Structure formats: C-alpha cells, structure tokens
Amino acid sequence: MILISFWADYTFAQHKTDFNRDEVTIRKNDNDVFELGYLDFRIISPTALGNHFLSEAYEQDAAGFELYMNIYKIYNFRIGFGLSRFGSSLTDASLAGNFEKVNYRSYYVQVSYVVYQTNLFETGLNLGYGINYFRQRTRDTRRGSYNTGELRAGIYGRYQFGKNLGLSFGANYLTTNKDIKSSNVGKDLFGRTHVIYPYIGLYINFE
C-alpha cells in the first residue's frame, strides 16, 4: 500500500508539472515585479492631420509598418523602443512641389502602463518620445529631407494564443515640433504635424 501510494503521488505530480509547462499564459514567470519583454511586428494605417504639407498635399499609403521591442516590465510599467514607417503620395503639386513620394520614419522610446491583465490578455496606455525623418523623393531620387522631434501617446492591447505568440492591437497619436533642417516646401506648410494610426500585429515573447 505504501508503494502504491508513493507511485500515485509521483504520477500526479509529474502530470501537473507537464501541464504547467505547456500552459498558455501571457505571464512568462511567477515574478510580478520583473518580467522579460517581447518583439512586436505591426501593420499600421496612418492618417496625417493639421496644417502641414504631409496632410495638405499628400495622401498616406493604406498601410505602413512598425517594429516595437519591449525590453522588460517592472511592476505595471513596460519600457521599450520602436521604429514606425509609412509613405505618402503627392495629391497637390502647387502646395508641395513636384515630390512624388514622402517617406516618414520615426525612431522612438516608450513607457507603457498596464491597466488590466489576465493570464491571456493585457491592455494599457503608452507615452513616448522620438525623432522622425521626412524623405522627399521623385522617381526614386531623394530631393529633400528634414527631421523633427516627436511626442506620442496611445493605447495598446495584446492577446496570447500560443506559448510564445500573441496578437497585438491598438492606436497611437503622434505630434511633431518644427525643427526643420532642409526642404523646398513653402514654410507656411511647416506647422505642427499630427498623425494617428490604428495597428494590428503579431508579437513573440522572449524566453
């Protein structure tokens, strides 16, 4: 009876260990204070607003991309950095000159705050700062460029459907200052730029 009882306890413990190891969860460890991050590949759909050549004389492409790397989590705060990129096509040459395309790139750092979290779902707010670069092109030749600083804010969510894979979604709002280096566009169209975009993506947890 003692041997049978020992064997039953061992078998139950082994099955329990195997289940825990394969359990799908957005929490990658039992430490609520510190947690490693994730890499997020996103498709964005940008819209430019405001009195700026990007919104007045160009139409944004239907989709761009964003790559975001969350380094780690401390309590309810997440720290990371990313790259956003999208293109815009000329709609009014009288305002912007004969620049067929404008490429927008943004490199940023970001702090997020987790508002709600379960084993499979997480949502929160984020605030960041970055540097963006405008590249004006005609027939694949760069004609002008300048850069500005950029403030950003947004909301995010993520849902985990595999051990290390999950779906991300959210929206970001960006606004720039006027730190212009060079361009041939009229100065009256260099007001503050506003860009808003929703996104959907796929993230991979660090292990």
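The values are calculated or read from the model by the stated rules, or taken from the named source; none is laboratory data. The structure presented is a predicted model; accordingly, all values stated were derived computationally and were not measured. Glycine also receives a Cβ, built like all others from the backbone with ideal geometry; neighbour counts cover every protein chain displayed.
Look through K28, K101 and report the one residue that is among the basic types (K, R) and either modelled with pLDDT of 90 or more or out of contact with any Ser or Thr (no Cβ under 9 Å at 6 or more places or on another chain) (or both). Can you show your working first?
Details: K101 fails: either modelled with pLDDT of 90 or more or out of contact with any Ser or Thr (no Cβ under 9 Å at 6 or more places or on another chain) (or both).
None of the others qualify; the one that does is K28.
So is F86 surrounded by 22 or more Cβ atoms within 10 Å (Cβ to Cβ), modelled with pLDDT under 75 and either among the hydrophobic types (A, V, I, L, M, F, W, C) or over 24 Å from Y203 (Cα atoms) (or both) or not? Even if it seems obvious, please write down each step before you answer.
On the way: surrounded by 22 or more Cβ atoms within 10 Å (Cβ to Cβ): yes; modelled with pLDDT under 75: no; either among the hydrophobic types (A, V, I, L, M, F, W, C) or over 24 Å from Y203 (Cα atoms) (or both): yes.
So F86 fails the test.
So, of the residues in region 62-94 that are among the aliphatic types (A, V, I, L, M) and outside any strand (DSSP E or B), which turns out to be nearest to the chain's Cα centre (by Cα)?
Step one: filter region 62-94 for residues among the aliphatic types (A, V, I, L, M), giving 62-63, 67, 69, 71, 74, 79, 83, 90, 93.
From what is left, the residues that are outside any strand (DSSP E or B) are 62-63, 93.
Working: A62: 17, A63: 14, A93: 32 Å.
Only one residue tops the list, namely A63.
Please pick out the residue among F34, F81 that is within 17 Å of V114 (Cα to Cα), among the hydrophobic types (A, V, I, L, M, F, W, C) and at pLDDT 90 or above.
Working: F34 fails: at pLDDT 90 or above.
Being within 17 Å of V114 (Cα to Cα), among the hydrophobic types (A, V, I, L, M, F, W, C) and at pLDDT 90 or above holds for just one of F34, F81, which is F81.
Is it the case that S55 is modelled with pLDDT of 85 or more and of a type in the set (G, A, S)?
On the way: modelled with pLDDT of 85 or more: no; of a type in the set (G, A, S): yes.
No.
Quick check on my filter: what residues within region 104-147 are surrounded by fewer than 15 Cβ atoms within 10 Å (Cβ to Cβ), of a type in the set (S, T, Y) and either at pLDDT below 85 or not in a strand (DSSP E or B) (or both)?
Within region 104-147, T118, T138, T141 meet the criteria.
From the residues in region 193-207 that are loosely packed, with under 15 Cβ neighbours inside 10 Å and at pLDDT below 90, which one is nearest to E66 (Cα to Cα)?
F206
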